[in-house]
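Everything below concerns the one structure shown next.
Please treat every number below as a calculation from the coordinates, not as lab data. As the structure is a prediction and not an experimental result, all values here were calculated from the model. Cβ placement follows ideal geometry from the backbone for every residue including glycine, while neighbour counts extend to all protein chains displayed.
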Amino acid sequence: MSPSTRVPEQGVTSTVPLQDVSSTVRRDQARRLLPWVLGLVTVLAALALQSQLYSGQERTVATIFMFVALAEAWNLIGGFAGYASFGQVVFFGVGGYFTAVAISHWHFSFWVSLLLSGVVAALFATLIGIPLLRLKGHYFAVATLGVAEGMREIVTNLPDLTGGGAGITVPTVGNNATTAYLGNDGFYLLFLALAALSVLVAGLVARNKFGYALRAINQDEDAAAAMGINTTRAKVLAFALSGFITGLVGASYAFQQVTIFPERLFDVDITVLMIIMVVIGGSGTVLGPLLGAVALQFLSEFLRQNFTDLHTFILGGIIVVAVILLPQGLVNYVHEARRTKEYSLLANVRRYRL
Amino acid sequence: MVAGCGSKAETNNGGAASSGPLAIGASVSLTGKLAREGQLTKEGYQLCQDKVNAQGGVDVGGTKVKLAIQYQDDTSKPDVAAQLVDQFNDKGVKLILSSYGSANTEAQAAVIERNNQVMVDSAGADNKIFSKGYKRTFAVLSPATEYAAAIVKAIAELATPKPKSVVFLSADDGFSKSVTEGGMASAKSLGFTVLDPQYFTNGTSDVSSALTKVKGQHPDVIIGSVHLVEGVAIIKQSKELGVTPVGFGETVAPPTPDFAKTLGTQAENVLGSTQWTDATKGKDKYFGTAKNYSKDIQANFGHLPDYHNAEATAACLALVLATEKAASTQPDKVRNALSGLDTESFFGKIKFDPTGQNIYKPMSVIQVQNGKALTVWPKESAEAKMIWPGTR
Amino acid sequence: MTAFLQATTYGLLQGGLLALVAVGFSLVWGVMNVVNLANGAFVILGAYIGWGMHQTFGLDPFLGMFVAAAVLFVIGYVMQRFLINLVVNGPIFITLLLTFGLDLLIVQGMNIAFSADYRGIKTSYASESLAIGSVRVPVGRLLAFALAIAITLILVAVVNRTRTGMSILATGMDRGAARLMGIRARHVYALTFGIAAALAGMAGVMIGTVGTFNPSAAAAFTLMSFVVAVLGGLGNMYGALVGGLVIGLVQAWGGQYLPGTWVNALAFLVLIVVLIARPTGLVGRAFYAARLEV
């Protein structure tokens, strides 16, 4: 007679033979390891891909990696915590300009500037996060937008430091260059590393107490506070973490572009793109922003190359259709469809419409 | 794009001359803030291709090769413009025509230098681009410092009674600031009293603060280092606020048809500097004179030519002439041919100084008279007398 | 002193026009929680309609704006009823995504249809100005300001006093309860969006009269709508008006007493400071900030 054990599985108690218990545990372990294995495989595949690409194609793929990193970082504050930051690009710009100024004026090497840019962006996030994260919903969104636009204007108005509207050039040749230019090959690897870092951070956050705290704040902040979660600390930490990664990306972008302008480094379009990628992919998930970034960037490049005159128009149309059919984002749709066994897209539309 | 790779060892054309057409890459701004100017640039490139191919093509060492310009949209963003140059390089397209505007061109020039491509710049006038030691980018247009200086020189030469004070109202982007610097230096050296310049945000349609600030100083001449939107705003709001200098001069805006169309009678007698008018002296074998060119633009595109059309065509022409001179489409040979080019054309003289800028072609100054932009300076190309004072 | 008065006058006039650009945006966000990224596109579309009426029929823009309002009302109604209503129950900010796509379509559509040429609606009187003491008051801007105020007041009256208006408010407060009371929410939402689009269109015609426009100008108006609407505060019909006047004045004074390029930085600084001090905007209602989607 096999000994029976009570295994609490999804709230249902049952008696299960011992061998099955350990296989269940092994299956759980496998399921938990699977994302890490898949992630590793993806990174290796991306590395292998590099040798197959032309130099210009590498640059395009590097841009995809850049948006993956940005989208995942936005997801930390906008998806998990539910505080949609409309001014996320400010960290991108702060990181970028810090690096440009550090290399041109203070002769730091790029790698030192990179790290410092992340830190500076994180500190900036903490600084503005403490007052602004008290705002809710719409007001938080627009306040962060105001910060981003305001920073752009400030940077434009400090021409001695930042070059102002005329832009600033990172020295990459000659005596003033402190670090050799990485070239398309080097930047491919750098942005791949940043994308991997961002996904890794998102994955870690999703699975530990911090992530649960953020999700609790998203669903009902007062209840979360009542449960003993220090909501201010959690929100500010998420904001700073998201700012750190975004700052790193901005710094790398500045080095890649060589000459940067405030209009571009603080461009609200970049924030909007980040948000779209996260929402289309599935906000609040780890895989969602990654898929959304890859899909949107790839599509946008493909359309631009092949439909030179109408690409923006077609992209707008595709976004409209995608949003109507999958309002909750792709990954969430897949989860819900698997759960309810309801795969029809039209049924999905009926779920969300008025 | 990413698919369709795996054939890195494959060689592409665009390098050695063979029976295929000569591929030239052009990233233009078809959407975004610069869409208007990008469209004019594309028209200029298209006309060049049509005219050259109508004569059989580019003469490369005895064989005629047809031009095939490939267009991509950089959505008015400098980083995309640079990326597109890289993508052209992948496909083996080494000869490039620039995008519109100094920001885009600057971004492209950096990539051109790294990839050993060659670019002819049609619309990036900022001197800063050419202060970096780039050897592979050549600008057919007069540099930014000339834009306002030309207006100042024209006023000094032709305006009677000669005005005493001048003030510059400038946008804050790199190009406009270079324009203002050049203009102020020229004004000071010609004996004008130069009041403090006023800056405003690039692209703004509200320059009322700048105008209110200078109103009390009663400048004789107001010169705007601007683009179309700010240029129109200066004229409109000057009228609204009662700012009445003896005359206005602006860069970029007055020569364009949109300026007179939008302002109507208020545009009368405003001076403007331009890279080209249909009275510019010079001719070449593909386009004839400036008047011939003007007729061709009207026939092909249904509107009067804008100088943005002309500078784009001139850039393409320079590339064609250099290729013919080098008798090869190899980028290094074309580059050397460009640096030694010295020729007349419908656009004026095309010749480059050691930094790659065309300092040998003067800018023209026009004045809006009866809704049309007529050349008033330099004297050799003048179609009409300058009306002065401009605001009575 | 003259400079100060001139700047103040200009600021108020500009502010009124900004208010009209933003009032529809604020209405739609406050009542339906829809973030309309296509608001700027509606403004420019209205400008093109006004321009077209003026070109083809010689219709004065201040009459042409009613045509623009009518056309944009229909466009807005249809857009809400058959597109945006489909995602209203979705996650927060999904409407942002949808209107982003629609904005791309409309702006590129205008680019293709009208080309990127800059246009303006020429009138004989718009650049004339009245002299009040030493201050000049441009006629075109004064008319635009007066109309903007009038339209806002009419909107407030309609919303607060008519049945339709109250159904809009009710649906905004509690959609479920409103439906239980027999209000057809789908229609009311569409109506609200239609009104918002019409208002944006009218503002567009006026903007076309006092300045130049082309399709790429849409983005700046959308950004302005955000700032003005939130500064004033959502949930209050006067919010956009207050926000607009404040921004107009701040920019005019800033332009006068600071170097001209600091004008925008100052506007955003004011926005942030106000939001930190009064988290729901200057006259906004707290209820609309903490909305739970049901």
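Over the protein assembly as shown, DSSP H runs of length four or greater, each weighted -39,500 (n - 2.57), average out per residue to a 222 nm ellipticity of -19500 deg cm²/dmol. Evaluated on region C:1-87, the Kirkwood hydrodynamic radius is 15.0 Å, with distances taken between all distinct Cα atoms. Between the C-alpha center of region B:219-235 and that of region A:35-66 there is a gap of 49 Å. Of the Cα atoms belonging to region A:307-354, the radius of gyration and Dmax stand at 13.3, 42 Å. Under the combined filter of DSSP loop state and at most 14 neighbouring Cβ atoms within 10 Å, region B:154-214 retains these trypsin sites (Lys or Arg not before Pro): B:K164. Between A:T246, A:T162, A:T178, the Gaussian network model of chain A with springs among Cα atoms under 10 angstrom shows the greatest mean-square fluctuation at A:T178. Partners of B:K385 within straight-line reach, counting aspartates and glutamates whose Cα lies under 13 Å from its Cα and excluding those fewer than 8 residues away in the same chain: B:E157.
Counting alpha carbon pairs within less than 8 Å and at least 6 residues apart, what relative contact order, in whole percent, applies to chain C? Contact order relative to length: 37 percent. Semi-axis lengths, largest first, of the ellipsoid equivalent to region C:42-148 are 34, 17, 13 Å, with √(5λ) applied to each eigenvalue of the Cα gyration tensor.
Say R0 is 30 Å: what FRET efficiency, to the nearest 0.05, do C:Q55 and B:D50 get from their beta-carbon distance?
Working: r = 31 Å, r/R0 = 1.03.
Plugging the Cβ-Cβ distance into 1/(1 + (r/R0)^6) gives 0.45.
Using a Gaussian network model of chain A in which every pair of alpha carbons under 10 angstrom is joined by a spring, one finds that among A:G281, A:G96, A:G316 the greatest mean-square fluctuation is at A:G316.
The Cα atoms of region B:236-333 define a convex hull whose projected area, averaged across directions, is 8.8 nm². Among the listed pairs B:K215/B:K239; A:K209/A:K235; B:K33/B:K66; B:K66/B:K94; B:K162/B:K351; B:K239/C:K122, those whose Cα-Cα separation exceeds 22 Å are B:K33/B:K66; B:K162/B:K351. Averaged over the residues of A:346-354, the number of partner chain Cβ atoms lying within 10 Å of the residue Cβ comes to 4.
In the elastic network of chain B, a GNM with C-alpha springs shorter than 10 Å, the most mobile of B:G101, B:G191, B:G288 is B:G191. If you bin all the Cα-Cα distances of chain A at 20 Å, starting from zero, the percentages per bin are 27, 55, 16, 2, 0.
Sorting C:V78, B:V365 on the 10 Å Cβ count, fewest up front, what's the list? The partial results should precede the final answer.
Details: C:V78 14, B:V365 28.
Lowest to highest Cβ neighbour count: C:V78, B:V365.
Hey, what did chain B get for relative contact order, percent, Cα under 8 Å, at least 6 apart? Could you put the intermediate results ahead of the total?
Numbers: 903 pairs, mean separation 71.0, N = 392.
Once divided by the residue count of chain B, the mean separation gives 18 percent.
For region A:138-219, what Kirkwood radius comes out of the mean inverse Cα-Cα distance, in Å? Kindly include the intermediate steps, with their values, before the conclusion.
Numbers: mean 1/r = 0.0587 Å⁻¹.
Computed over Cα pairs of region A:138-219, the Kirkwood hydrodynamic radius comes out at 17.0 Å.
Under 5 Å from the amide H of B:G101 lie the amide H atoms of B:A123, B:G124, each residue being 5 or more positions distant or on a separate chain, with H modelled from the backbone and absent for Pro and chain starts. Projecting the Cα atoms of A:A224, A:L44, B:S131 onto the charge dipole of the protein assembly as shown (Cβ charges, centred on the Cα centre) puts A:A224 farthest toward the positive pole. Counted as membrane-span-like here are DSSP H helices of chain A whose alpha-carbon atoms extend 27 Å or more along the helix's own axis and whose Kyte-Doolittle mean is -1.0 or above; these are A:18-50, A:55-74, A:110-132, A:137-156, A:183-207, A:231-257, A:287-306.
Value of Rg to Rh for region A:223-331, rounded to two decimals, is 1.06; Kirkwood radius and Rg both from alpha-carbon coordinates.
Our note on the geometry: Cα centres of region A:187-234 and region C:37-111, 38 Å apart.
As a quick test, which of the pairs B:K153/B:K372; B:K177/B:K333; B:K177/B:K361; B:K42/B:K283; B:K132/B:K379; B:K283/B:K361 have an alpha carbon distance above 24 angstrom in this structure? Let's see the in-between values first.
Numbers: B:K153/B:K372 22 Å; B:K177/B:K333 35 Å; B:K177/B:K361 21 Å; B:K42/B:K283 22 Å; B:K132/B:K379 35 Å; B:K283/B:K361 14 Å.
Among B:K153/B:K372; B:K177/B:K333; B:K177/B:K361; B:K42/B:K283; B:K132/B:K379; B:K283/B:K361, the Cα-Cα distance tops 24 Å for B:K177/B:K333; B:K132/B:K379.
Taking the centroid of alpha carbons for each part, region A:240-266 and region B:308-366 are 37 Å apart. Counting only residues at least eight positions apart within a chain, or on another chain, the aspartates and glutamates with an alpha carbon under 19 Å from that of B:K291 are B:E43, B:D50, B:D278, B:D306, B:E311, B:E344, B:E380, B:E383.
Shape index of the protein assembly as shown: Rg/Rh, with Rg the Cα radius of gyration and Rh the Kirkwood radius from the inverse mean 1/r over Cα pairs, equals 0.98.
Please identify the helices of chain B, taking whole runs of DSSP H, that span at least 27 Å along their own axis as judged from the Cα atoms and have a mean Kyte-Doolittle score of -1.0 or higher. Mind showing how you got there, number by number?
Details: long enough: B:35-54 (28 Å, -1.09); B:307-326 (28 Å, 0.52).
For chain B, where a helix must reach 27 Å along its axis and average at least -1.0, the hits are B:307-326.
Normalised by 2.2 N^0.38 Å, with N the number of residues, the alpha-carbon radius of gyration of region A:44-93 equals 1.48. For region A:49-173, the calculated P(r), taken from all Cα-Cα distances in 10 Å bins from zero up to the bin holding the longest distance, is 12, 34, 34, 17, 3 percent. In straight-distance terms, cross-link reach from A:K136 covers every one of the aspartates and glutamates whose alpha-carbon lies under 17 Å from its own, apart from those fewer than eight places away in the same chain; here that gives A:D220, A:E221, A:D222, C:E293.
Once Rh is set to the Kirkwood radius over Cα pairs, what Stokes-Einstein translational diffusion coefficient, in µm²/s, holds for chain B at a temperature of 4 °C and a viscosity of 1.567 mPa s? Intermediate values should be presented prior to the final figure.
On the way: Rh = 21.3 Å.
Estimated diffusion coefficient is 61 µm²/s.
Taking max minus min of the alpha-carbon positions on each principal axis, region C:2-288 gives extents of 59, 49, 33 Å, largest first.
Note down the magnitude of the dipole of region B:92-163 about its Cα centre, charges +1 on Lys and Arg C-beta and -1 on Asp and Glu C-beta and zero elsewhere, to the nearest 20 debye. Rounded to the nearest 20 debye, it is 200 debye. When the alpha carbon gyration tensor of region A:55-122 is reduced to an equivalent ellipsoid, the three semi-axes, largest first, read 24, 19, 9 Å.
Helix hunt in chain C: which complete DSSP H runs extend at least 24 Å axially by C-alpha with mean Kyte-Doolittle at least -0.5? Before the final figure, lay out the partial values.
On the way: long enough: C:2-32 (44 Å, 1.42); C:39-57 (27 Å, 0.71); C:61-82 (31 Å, 1.71); C:94-114 (30 Å, 1.77); C:139-161 (32 Å, 2.07); C:185-210 (38 Å, 1.40); C:239-257 (27 Å, 1.08).
Helices meeting the span and hydropathy rule in chain C are C:2-32, C:39-57, C:61-82, C:94-114, C:139-161, C:185-210, C:239-257.
Residues of chain A were split at every exposed loop site, defined as chymotrypsin sites (Phe, Trp or Tyr not before Pro) in a DSSP loop with at most 14 other C-beta atoms within 10 angstrom, and the longest piece left, sites excluded, is A:107-306.
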